[in-house]
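The values are calculated or read from the model by the stated rules, or taken from the named source; none is laboratory data. Keep in mind it's a predicted model, so treat the numbers as computed, not measured. Cβ coordinates were reconstructed from backbone atoms using ideal geometry, including for glycine residues, and neighbour counts include every protein chain displayed. For the accessible areas, the whole protein counts, side chains as well, though only heavy atoms, and no ligand, DNA or RNA atoms are used. Shrake-Rupley method; radii C 1.70, N 1.55, O 1.52, S 1.80 Å.
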Amino acid sequence: MSDKRYNDKIKKLRDPERIARYEIDKMTDLCLEGIRAETMLDVGTGSGLFAEAFFKLGLKVAGADVNPEMIDAARTHVPAGRFDVAPAEKMPFDDNAFDLVFMACVFHEVD
């Protein structure tokens, strides 16, 4: 496992200014454009920000992150989701288990 990981405060991840920069509605719409998705996996879910957005659109969501504190936060924001402590390089899910796999702001932190 890489020693690269986001160790900043969860509060910072959910800062309204930071969230506004992501244009989450636009991003989720683009991800779903042209596909019929019922399930999604958020790799490097952090506090579950994107999982929460997809959940609000009606998708069944799951997420994974190496930081247990982030997983706890994600579960708080999306109690109906499945969130596991796991690195992006070793997902605890079967192949083809999701209609959409999403990865934002984490690619630079994986091996």
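List of remarks:
- Length gained when the stretch Ala104-Ile35 is fully extended (0.36 nm per residue, less Cα-Cα span): 22.9 nm
- Entry comment: accessible area of region 1-109 is 63 Å² per residue, from protein heavy atoms only and a probe of 1.4 Å.
- Leading residue at positive end of dipole, region 70-111 (Cβ point charges), from Asn96, Pro79, Val110: Pro79
- Once both labels are positioned 7 Å from their Cα atoms along Cα-to-Cβ, the gap between Asp25 and Phe93 label points is 2.6 nm.
- The spacing between region 7-51 and region 79-104, judged by their C-alpha centroids, is 14 Å.
- Most tightly packed first, judged by the mean number of other beta-carbon atoms within 10 Å of their residues, the peptides 69-76, 97-104 read 69-76, 97-104.
- Ranked by the mean number of other Cβ atoms within 10 Å per residue, highest first, peptides 9-21, 28-40 order as 28-40, 9-21.
- Value of Rg/Rh across region 13-75 [Cα atoms, Kirkwood radius]: 0.97
- Largest first, the extents of the alpha carbon coordinates of the chain on the three principal axes equal 37, 35, 26 Å.
- For region 62-111, the convex hull drawn through the C-alpha positions has a volume of 87 cubic angstrom per residue.
- When Glu52, Glu89 are compared by accessible area of protein heavy atoms, the largest-first order is Glu89, Glu52, using a 1.4 Å probe.
- In the chain, the DSSP-assigned H stretches of four residues or longer account for a calculated mean residue ellipticity at 222 nm of -9000 deg cm²/dmol, using -39500 (n - 2.57) per stretch and the full residue count as denominator.
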